[in-house]
Amino acid sequence: MFLADIIEAGQAFQVLLPVALILIFAKLISIFLEKFKVPQVIGFLLAGLLVGLITFVPGESILTPYTEEGINILAKFGVVLILFSAGIETNVKQIKAVGKASVIITSLGVVFPLAFGFLAAFLFRTYGGLPTNFLSDGVNPIYSDIYYGVILTATSVSITVATLKEMGKLDTPVGSALVAASIIDDIIGIILLSLVISLSGTSQGTTDFNLLQFIIESCGGHLDAVTEVVVIVVNMAVFFALSFGVGILIRKGFNWLGKKYPHHIRIPILAFAFAFLWAYVAQAFFQIADITGGYVAGLMLASTAPSDYIDHRTETTSNVFFIPIFFASVALKMYSADFDLTNWIVIVFGIVWVLLGMLGKVIGAGTGALIGKFKLKDSLRIGVGMMARAEVLIVTTQTGIDAGLVSSSIMPFALILIVLTSFLTPIFLKLLYRNDSGEGLPSRGEGNGAR
């Protein structure tokens, strides 16, 4: 693009005004909602919706295609940092301490909502005429059905943890199992996201360059349909194996930095650089979503000496600037989304999808807890605790929309799911713990998850 084209499209300073408006409204709305214990994520989304109203002003020059693209670029940094922070906060030792019960809880807590979401999308598409015009040419709609289920696998127990902590129930078998299960849930969810997008061949998960494909074709080989699937799976295996090896060196490097330069600004700067680098490597060379690379980068640094300092700096930087812009950008896209609210199939599917998303976690995680030898009431508490959703659901949904795997009309229902579970989870948990006499005591034997 020549300089004249750039000037015609817009100039960089024009992005500053919408960004300023987003940050102002995001903070003001979040402060107001905090009084009602509503997650600040909702405030960020509402800020985007509020700023988006500018598009209805005749002749406005604030939200132009140029400025919106600038916001989207900044939002990309935000979404990578969200997953990077989630990776840093992953406590592998806690998973080991709680035992295999949490693995069972998470596995069924993923399988049930995944199956429910898939079946709902498949049945509504096949027999109800759910639109699929958003799909790219040549993409099998079955991948779209699966991805609707993948979205529902996301869990965010921050609200659950805060509620249990308030009641003095966090340091119990139920609390420990919930925290560990949510950690494993994040890992499985990210892998599923990348796998489905890669298998579908949509733009978000693929690039013009595929390292393994390049090697095969350079040796005179040829990829058919079956081989392509194998390449994708092998790509993921190679990426995670490479991450494991690189992680050893990275941890040694950051441990050294943490001891020699404790709480020095160079540590988070290098951590950010590594997060963005590994996010790039994941998508550019292995056909894995960049957010997966960001999450894996966080996992590598999770057990290092300066991990707490890096996490603190990441949260400060991202929450001040990048994360509000990311969530606002999601809300802004609703104004250009293809919402067909006159189509009753879309509305009914959205409502069913939300309900199944809530029931899937309760039934799946609750059943897993029963198999893990928790008592019935504690199993129900775990199921309800895993029902909560927040930022990861938005990230997963937006990733699917950008990849052309799900319709943008699902986003309002994703927001409804977050709001409903944010309000209902604490209420249900408090009801389930009402008149509980065994405060802080293990509710089962010394089996898995009792420590």
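The values are calculated or read from the model by the stated rules, or taken from the named source; none is laboratory data. Bear in mind the structure is a predicted one, so any value in this text is a computation, not a measurement. Cβ placement follows ideal geometry from the backbone for every residue including glycine, while neighbour counts extend to all protein chains displayed.
Miscellaneous remarks
- Residues within the stretch 301-320 that are in a helix (DSSP H, G or I), touching a helix residue (DSSP H, G or I) at 6+ places or on another chain (Cβ under 7 Å) and touching a residue at least 60 places away in the same chain (Cβ under 8 Å), tallied: 7
- Of the residues examined, Ala47 is one that is closer than 21 Å to Thr316 by Cβ and among the hydrophobic types (A, V, I, L, M, F, W, C).
- Residue in the stretch 382-401 that is surrounded by fewer than 19 Cβ atoms within 10 Å (Cβ to Cβ) and small (Gly, Ala, Ser) present: no
- Residue pairs whose Cβ atoms lie under 6 Å apart, separated by 6 or more positions or on different chains, with the first residue in the stretch 112-133 and within 20 Å of Thr155 (Cα to Cα) and the second surrounded by fewer than 14 Cβ atoms within 10 Å (Cβ to Cβ) and modelled with pLDDT under 95, do not occur.
- Counting the residues of the stretch 248-284 that are of a type outside the set (A, V, I, L, M, F, W, C), assigned to a helix (DSSP H, G or I) and either free of Cβ contacts under 8 Å to residues at least 40 places away in the same chain or surrounded by fewer than 19 Cβ atoms within 10 Å (Cβ to Cβ) (or both) gives 8.
- Restricting the stretch 52-71 to residues that are without any contact (Cβ under 8 Å) to a residue 60 or more places away in the chain and β-branched (Val, Ile, Thr), the residue that is surrounded by the most Cβ atoms within 10 Å (Cβ to Cβ): Thr67
- Residues located in the stretch 134-155, provided they are buried (at least 24 other Cβ atoms within 10 Å of the Cβ) and in a loop (DSSP other than H, G, I, E, B): Thr153, Ala154, Thr155
- Options Leu49, Leu74, Leu81: the member that is surrounded by fewer than 21 Cβ atoms within 10 Å (Cβ to Cβ), within 19 Å of the chain's Cα centre (by Cα) and in contact (Cβ under 8 Å) with a residue 60 or more places away in the chain: Leu74
- Screening the stretch 346-451 for helices (runs of 4 or more DSSP H) wholly inside it with 2 or more residues that are under 14 Å from Ala177 (Cα atoms) and at pLDDT 90 or above returns the ranges 376-385.
- Leu376 surrounded by fewer than 24 Cβ atoms within 10 Å (Cβ to Cβ), more than 24 Å from the chain's Cα centre (by Cα), closer than 19 Å to Arg434 by Cβ and free of Cβ contacts under 8 Å to residues at least 24 places away in the same chain: yes
- Tally of residues being in a loop (DSSP other than H, G, I, E, B) and surrounded by fewer than 18 Cβ atoms within 10 Å (Cβ to Cβ) across the stretch 113-133: 5
- A single entry from Val174, Val229, Val179, Val196 fulfils the requirement of being modelled with pLDDT of 75 or more, over 18 Å from the mean Cα position of the chain (by Cα) and among the β-branched types (Val, Ile, Thr): Val174.
- Near pairs, Cβ below 7 angstrom, 6+ apart or cross-chain, from the stretch 171-185 (touching a residue at least 60 places away in the same chain (Cβ under 8 Å) and more than 15 Å from Glu89 (Cα to Cα)) to any residue that is of a type in the set (Asp, Glu) and crowded, with 21+ Cβ neighbours inside 10 Å: Val174/Asp378
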